[in-house]
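*Asks:* My questions all concern the structure below.
The values are calculated or read from the model by the stated rules, or taken from the named source; none is laboratory data. Bear in mind that the values here come from a model prediction, so they are computed numbers and not experimental data. When we count neighbours, we look across all protein chains shown, and the Cβ atoms used for this are built from the backbone with ideal geometry, even at glycine.
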Amino acid sequence: MELHERSWVEIDLAVFRENLNFLKSFLREDQGFLQVVKADAYGHGAKEIANAALAEGAKYLGVANLDEGSILRRQGIKAPILILSPSLPDEARAIVENSLTPGVSDLQLARLLDKEAQRLGITQAIHIKLDTGMHRSGIRLEDAQSFLSEIAKFKHLEIEGIFSHFSAAEDDEGFSKAQEEGFTRLIESLDIKPKYIHLANSSALIKGYAKACNLVRFGIMSFGIDVIGNLQNKLLPVMSFKSTLSQVKRIKKGEYVGYKLSWQAPRDGLYGIIPVGYADGYDFMLSNKAVVEIAGHTAPIIGRISMDMSTVDLSSIPDVMPDEELCLLGGKSKETRAENLSALYDGSAYELLCQVGRRAKRYYLMKEQVLHSAPLARRDFIASDFADSKLSRIISQALSARLRSEEIGEMVYREILRTLIFNQDRDVHYRRNFRHLVRFDEAEEGYYPAETVLTYDKVLDSDYFIVACAASDEVLRSYFLRNDVEYRWLLDSGLSLSEDTFEISSVKVGGIDLHTEIHSGEGFLEIRCHHPELANLIGKEQEFEIRTKTFYPADSHQLSVFISDLTRSVEIVFEYPASLKHVEPVSIFSGQEKNPAMSIEEGRISLKTKEDQWVFPLSGVVFTY
């Protein structure tokens with residue numbers, strides 16, 4: 001793949017899946033695996049790695065905290081997600097609402113989780129964290145039985161798993177066996193075993209310390225990092241950090257390169273400038289130690305790594321030219337593997353992977369084909385990270401970039417989105433399956449007796465709402481600015497506002513007949529619709545049904561029905577008496593479907609959009625007669 005950017009990161013998902021299959025070959029038939037995707041999957045991209053791991057059969061995903069888990073939920077990941085690090089008490093509600101599974105090792109958090117689960121009427125899964133000798137988080141083994149007894153008292157919590165963490169499974173056999181034995185004794189002492197028991201990471205699995213487990217956590221080794229020391233031919237790096245030479249220069253014997261004169265040329269030669277430094281995550285400690293892979297060779301980094309540049313000795317590669325692609329980490333050379341680079345300064349391969357490519361675009365590959373890319377700096381856009389004013393600017397700028405015109409982008413934002421979002425309540429309300437029937441009977445004393453039936457589905461956001469009838473356009477417009485009004489009707493100015501001229505014959509939400517209270521004032525009639533049981537339905541989608549009886553002036557010669565909210569799937573029906581010999585519908589629809597299907601029969605006209613079509617506010621139909 002030829003990109004020739006200043007720097008970029010390639011993530012090979014085919015290699016990742018090959019590494020998974022290698023690790024899975026060590027699992028017993030009764031063992032599954034949890035894929036750790038914390039720290040943005042060690043810098044590889046949590047969403048992409050999660051999806052690839054789930055495709056390979058992962059039972060669970062592991063994150064460090066609430067934020068990482070909730071981001072995955074917003075990215076559409078529905079699989080079980082375990083929070084591996086301790087959670088804060090204030091995070092209990094969001095943990096339950098995001099269907100995350102917390103690791104639990106204190107009763108305060110358990111109590112709060114139980115309360116939130118009770119509020120939602122669900123059972124919350126938790127995994128109990130044990131301390132088997134690492135002495136970070138977790139319940140000490142001698143306290144585990146009493147802690148489990150206390151947890152069992154919470155009616156809305158389910159102990160789905162018990163887990164612990166090895167301290168040094170890759171290189172300390174004695175301590176690892178002691179941890180495993182203590183963990184196993186505790187598990188064997190339990191009368192009821194939880195669904196998931198996990199202690200082993202990839203190293204422990206390969207070393208044979210996973211006997212008590214039915215779930216194994218795959219972490220850094222799945223990304224091709226050999227922390228054991230003899231698997232570099234089996235595990236391949238998933239990540240490659242690449243750049244291009246920005247310059248090739250000559251240097252004379254005795255001249256220095258970089259800050260603090262830390263490298264002096266032993267002979268005349270060539271060196272190159274790489275537009276990557278420690279601000280890009282290429283660790284400063286690699287100065288005068290690392291090598292890069294370039295033109296089929298390796299070449300040493302010379303001098304101090306700067307914030308934005310590094311220098312490489314090209315004396316042994318005389319034909320190399322500017323714009324030549326090079327690999328700083330990963331790639332085909334063993335010398336540029338993360339574990340080997342970090343060993344040069346007694347560092348951590350974990351840290352190196354997490355920090356590289358801070359300014360780089362990330363490209364996801366499958367067998368050398370680019371699937372997609374992730375942007376510079378932020379891997380994914382999470383709207384809730386931004387304040388409203390900042391988010392507004394981002395939306396406007398994104399539209400301008402997408403439409404390739406700042407003027408058109410600003411117009412679309414100002415006239416459509418800003419009106420929709422900011423001139424109403426901040427929560428955008430929308431309706432589904434909207435059906436509005438208006439039926440006229442024969443005129444009496446200059447007015448048609450009118451029945452209306454309005455039904456639609458909508459998320460209930462309050463324990464009451466208003467049906468409003470106004471005697472003027474000015475008063476009616478004020479009701480369009482209120483988000484607690486579900487139905488509006490304009491009464492002819494020749495009629496007095498009262499229950500005799502505008503009546504709610506029935507109003508229901510979720511099949512519940514609502515109570516109504518009438519309040520009248522100058523030019524308006526308000527009916528407050530409420531019921532105690534509505535409080536239990538808030539936040540859930542319900543069917544609304546509103547039936548009215550009123551009067552409509554015969555000399556108006558037109559009836560207008562408009563949509564006031566963003567709506568998906570609309571049907572408007574007008575039924576009229578034989579005395580109205582000619583009725584002509586004029587539709588005004590803005591949205592995906594400009595001309596909905598129309599049916600005209602004797603005494604009945606209907607307009608209906610397709611079920612999946614969105615209709616914007618102020619769409620509707622005018623029936624002229």
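*Asks:* How many residues does the stretch 206-233 hold that are over 23 Å from residue 340 (Cβ atoms), basic (Lys, Arg) and outside any strand (DSSP E or B)? Give the steps one after another, and end with the answer.
*Replies:* In the first step, residues of the stretch 206-233 are kept if they are over 23 Å from residue 340 (Cβ atoms); the result is 208-217.
From what's left, basic (Lys, Arg): 211, 217.
Still in the running and outside any strand (DSSP E or B): 211.
Residues in the stretch 206-233 being over 23 Å from residue 340 (Cβ atoms), basic (Lys, Arg) and outside any strand (DSSP E or B): 1 in total.
*Asks:* For the stretch 45-85, how many residues meet the condition of being of a type in the set (D, E, K, R) and touching a Pro at 6+ places or on another chain (Cβ under 6 Å)?
*Replies:* Total meeting the criteria: 0.
*Asks:* For the stretch 256-279, does any single residue satisfy the condition of being in contact with a strand residue (DSSP E or B) (Cβ under 7 Å, 6 or more places away or on another chain), within 16 Å of residue 344 (Cα to Cα) and touching a residue at least 60 places away in the same chain (Cβ under 8 Å)?
*Replies:* no
*Asks:* Tell me, which residue of the stretch 467-480 that is of a type in the set (A, V, I, L, M) and in contact (Cβ under 8 Å) with a residue 24 or more places away in the chain is nearest to residue 529 (Cα to Cα)? Give the derivation first.
*Replies:* Initially, the stretch 467-480 is screened for residues of a type in the set (A, V, I, L, M), giving 467-468, 470-471, 475-476.
Checking which are in contact (Cβ under 8 Å) with a residue 24 or more places away in the chain leaves us with 467-468, 470-471, 475.
On the way: 467: 7, 468: 11, 470: 17, 471: 20, 475: 20 Å.
It comes out as 467.
*Asks:* I would also like to ask the following. May I ask you to list the residues in the stretch 167-196 that are modelled with pLDDT of 95 or more and assigned to a loop (DSSP other than H, G, I, E, B)?
*Replies:* Of everything in the stretch 167-196, those that are modelled with pLDDT of 95 or more and assigned to a loop (DSSP other than H, G, I, E, B) turn out to be 194, 195.
*Asks:* Okay, moving on. Of the numbered conditions (1) more than 18 Å from residue 567 (Cβ to Cβ); (2) at pLDDT 90 or above, residue 437 fails exactly one; give the number of that condition.
*Replies:* Residue 437 satisfies every listed condition except (1).
*Asks:* Given the criterion in contact with a Lys or Arg (Cβ under 8 Å, 6 or more places away or on another chain) and either of a type in the set (D, E, K, R) or modelled with pLDDT under 95 (or both), identify the matching residue among 249, 253, 242.
*Replies:* Numbers: 249 fails: in contact with a Lys or Arg (Cβ under 8 Å, 6 or more places away or on another chain); 242 fails: in contact with a Lys or Arg (Cβ under 8 Å, 6 or more places away or on another chain).
Unique residue meeting the criteria: 253.
*Asks:* Another question about this same structure. Among the residues of the stretch 1-50, write down those that are in a loop (DSSP other than H, G, I, E, B) and not aliphatic (A, V, I, L, M).
*Replies:* First, pick out the residues of the stretch 1-50 that are in a loop (DSSP other than H, G, I, E, B): 1-6, 25-31, 37, 44-45.
Matches in the stretch 1-50: 2, 4, 5, 6, 25, 26, 28, 29, 30, 31, 44, 45.
*Asks:* Need the failing condition index for residue 203 against (1) more than 35 Å from the chain's Cα centre (by Cα); (2) outside any loop (DSSP other than H, G, I, E, B), just the number.
*Replies:* Only one criterion in (1) more than 35 Å from the chain's Cα centre (by Cα); (2) outside any loop (DSSP other than H, G, I, E, B) is unmet by residue 203, namely (1).
*Asks:* Only one of these is closer than 30 Å to residue 535 by Cβ, hydroxyl-bearing (Ser, Thr, Tyr) and part of a loop (DSSP other than H, G, I, E, B): 87, 137. Name it. Steps first, please.
*Replies:* Details: 137 fails: closer than 30 Å to residue 535 by Cβ.
The match here is 87.
*Asks:* Is it fair to say residue 358 is basic (Lys, Arg) and surrounded by 18 or more Cβ atoms within 10 Å (Cβ to Cβ)? First the steps, then the outcome.
*Replies:* Values: basic (Lys, Arg): yes; surrounded by 18 or more Cβ atoms within 10 Å (Cβ to Cβ): no.
Here the answer is no, as residue 358 does not meet what is asked.
*Asks:* Considering the stretch 442-466 alone, what residues qualify as being within 15 Å of residue 561 (Cβ to Cβ) and without any contact (Cβ under 8 Å) to a residue 40 or more places away in the chain? Give the steps one after another, and end with the answer.
*Replies:* Within the stretch 442-466, the subset within 15 Å of residue 561 (Cβ to Cβ) is 448, 450-456.
Within the stretch 442-466, none qualify.
*Asks:* Looking at this structure, is residue 404 more than 18 Å from residue 274 (Cα to Cα) and touching a Pro at 6+ places or on another chain (Cβ under 7 Å)? Before the answer, list the steps.
*Replies:* On the way: more than 18 Å from residue 274 (Cα to Cα): yes; touching a Pro at 6+ places or on another chain (Cβ under 7 Å): no.
Spelling it out, it is not the case that residue 404 is more than 18 Å from residue 274 (Cα to Cα) and touching a Pro at 6+ places or on another chain (Cβ under 7 Å).
*Asks:* Surrounded by 13 or more Cβ atoms within 10 Å (Cβ to Cβ), part of a strand (DSSP E or B) and modelled with pLDDT under 95: does that describe residue 498?
*Replies:* On the way: surrounded by 13 or more Cβ atoms within 10 Å (Cβ to Cβ): yes; part of a strand (DSSP E or B): no; modelled with pLDDT under 95: yes.
So residue 498 does not fit the description; no.
*Asks:* Test of understanding: among 82, 61, 109, 72, which residue is more than 30 Å from residue 18 (Cβ to Cβ) and either under 16 Å from the mean Cα position of the chain (by Cα) or not in a loop (DSSP other than H, G, I, E, B) (or both)?
*Replies:* On the way: 82 fails: more than 30 Å from residue 18 (Cβ to Cβ); 61 fails: more than 30 Å from residue 18 (Cβ to Cβ); 72 fails: more than 30 Å from residue 18 (Cβ to Cβ).
The match here is 109.
*Asks:* Name the single residue that is surrounded by the fewest Cβ atoms within 10 Å (Cβ to Cβ) among those in the stretch 180-192 being farther than 22 Å from residue 35 by Cα and either hydrophobic (A, V, I, L, M, F, W, C) or in contact with a helix residue (DSSP H, G or I) (Cβ under 9 Å, 6 or more places away or on another chain) (or both). Even if it seems obvious, please write down each step before you answer.
*Replies:* Quick first cut of the stretch 180-192, residues farther than 22 Å from residue 35 by Cα only: 181-182, 184-192.
Add one more test, that the residue is either hydrophobic (A, V, I, L, M, F, W, C) or in contact with a helix residue (DSSP H, G or I) (Cβ under 9 Å, 6 or more places away or on another chain) (or both), and what stays is 182, 185-187, 189-190, 192.
On the way: 182: 19, 185: 11, 186: 20, 187: 17, 189: 9, 190: 14, 192: 7.
That would be 192.
*Asks:* May I ask you to say which residue of 493, 462 is polar (S, T, N, Q), within 30 Å of residue 611 (Cα to Cα) and exposed (fewer than 14 other Cβ atoms within 10 Å of the Cβ)? Lay out the reasoning, then the answer.
*Replies:* Values: 493 fails: within 30 Å of residue 611 (Cα to Cα).
None of the other options fit; the residue is 462.
*Asks:* Taking the stated definitions as given, is residue 308 outside any strand (DSSP E or B), without any contact (Cβ under 8 Å) to a residue 40 or more places away in the chain, within 30 Å of residue 49 (Cα to Cα) and of a type outside the set (S, T, N, Q)?
*Replies:* Details: outside any strand (DSSP E or B): yes; without any contact (Cβ under 8 Å) to a residue 40 or more places away in the chain: yes; within 30 Å of residue 49 (Cα to Cα): yes; of a type outside the set (S, T, N, Q): yes.
Yes, satisfied.
*Asks:* Among the listed residues 27, 66, 72, 61, which satisfies the condition of being touching a residue at least 40 places away in the same chain (Cβ under 8 Å) and either at negative phi or not assigned by TED's automatic domain parsing to the domain that holds residue 246 (or both)?
*Replies:* Details: 66 fails: touching a residue at least 40 places away in the same chain (Cβ under 8 Å); 72 fails: touching a residue at least 40 places away in the same chain (Cβ under 8 Å); 61 fails: touching a residue at least 40 places away in the same chain (Cβ under 8 Å).
The match here is 27.
*Asks:* Given the structure, is residue 258 touching a Lys or Arg at 6+ places or on another chain (Cβ under 6 Å), at positive phi and buried (at least 16 other Cβ atoms within 10 Å of the Cβ)?
*Replies:* Working: touching a Lys or Arg at 6+ places or on another chain (Cβ under 6 Å): yes; at positive phi: yes; buried (at least 16 other Cβ atoms within 10 Å of the Cβ): yes.
Yes: the conditions hold for residue 258.
*Asks:* Quick one: which strands (runs of 3 or more DSSP E) sit completely within the stretch 527-608 and have at least 2 residues that are closer than 20 Å to residue 469 by Cα and polar (S, T, N, Q)?
*Replies:* 541-553, 558-562
*Asks:* I need the full set of residues from the stretch 173-184 which are more than 16 Å from residue 135 (Cβ to Cβ) and touching a residue at least 24 places away in the same chain (Cβ under 8 Å), in order please.
*Replies:* Of the residues in the stretch 173-184, the ones more than 16 Å from residue 135 (Cβ to Cβ) are 173-174, 177, 180-181, 184.
If the condition is that a residue be more than 16 Å from residue 135 (Cβ to Cβ) and touching a residue at least 24 places away in the same chain (Cβ under 8 Å), then 173, 177, 180, 184 are the ones that fit.
*Asks:* To continue, here is another question. Checking residue 320 against (1) without any contact (Cβ under 8 Å) to a residue 60 or more places away in the chain; (2) over 16 Å from residue 360 (Cβ atoms); (3) not hydroxyl-bearing (Ser, Thr, Tyr), only one condition comes out false. Which one?
*Replies:* Only one criterion in (1) without any contact (Cβ under 8 Å) to a residue 60 or more places away in the chain; (2) over 16 Å from residue 360 (Cβ atoms); (3) not hydroxyl-bearing (Ser, Thr, Tyr) is unmet by residue 320, namely (1).
*Asks:* What are the residues in the stretch 577-606 that are more than 22 Å from residue 448 (Cα to Cα) and surrounded by 14 or more Cβ atoms within 10 Å (Cβ to Cβ), if any? Quick ask: steps written out before the conclusion?
*Replies:* Within the stretch 577-606, the first condition is being more than 22 Å from residue 448 (Cα to Cα), and the residues that meet it are 587-599.
Answer for the stretch 577-606, where residues must be more than 22 Å from residue 448 (Cα to Cα) and surrounded by 14 or more Cβ atoms within 10 Å (Cβ to Cβ): 587, 589, 590, 591, 593, 596.
*Asks:* I've got another one for you. Identify the single condition in (1) assigned to a loop (DSSP other than H, G, I, E, B); (2) within 25 Å of residue 362 (Cβ to Cβ); (3) not hydrophobic (A, V, I, L, M, F, W, C) that residue 289 does not satisfy, given that it satisfies every other one.
*Replies:* (2)
*Asks:* OK, next. Under 8 Å between Cβ atoms, at least 6 apart or on separate chains: pull out the pairs that start in the stretch 95-118 with a residue that is free of Cβ contacts under 8 Å to residues at least 60 places away in the same chain and at positive phi and end on any residue that is outside any loop (DSSP other than H, G, I, E, B) and of a type outside the set (A, V, I, L, M, F, W, C).
*Replies:* Hits for this filter: 99/73.
*Asks:* Oh, and also: Kindly list the number of the only condition in (1) buried (at least 23 other Cβ atoms within 10 Å of the Cβ); (2) without any contact (Cβ under 8 Å) to a residue 24 or more places away in the chain that fails for residue 208.
*Replies:* (1)
*Asks:* Within the stretch 127-152, restricting attention to residues that are touching a residue at least 12 places away in the same chain (Cβ under 8 Å) and among the acidic types (Asp, Glu), which residue is surrounded by the most Cβ atoms within 10 Å (Cβ to Cβ)? Before the answer, list the steps.
*Replies:* Restricting attention to the stretch 127-152, the residues satisfying the condition of being touching a residue at least 12 places away in the same chain (Cβ under 8 Å) are 127-134, 136-139, 141, 144-145, 147-148, 150-151.
Next, only the ones that are among the acidic types (Asp, Glu) stay: 131, 150.
On the way: 131: 19, 150: 11.
The extreme case among them is 131.
*Asks:* Here's a check for you: in the stretch 242-286, which residue that is hydroxyl-bearing (Ser, Thr, Tyr) and part of a loop (DSSP other than H, G, I, E, B) is nearest to residue 304 (Cα to Cα)? So that I can check it myself, show each step before the final result.
*Replies:* Start the filter on the stretch 242-286 by keeping residues that are hydroxyl-bearing (Ser, Thr, Tyr), which leaves 243-244, 246, 256, 259, 262, 271, 278, 282.
Narrowing the set further to residues that are part of a loop (DSSP other than H, G, I, E, B) leaves 246, 262, 282.
On the way: 246: 17, 262: 7, 282: 12 Å.
It comes out as 262.
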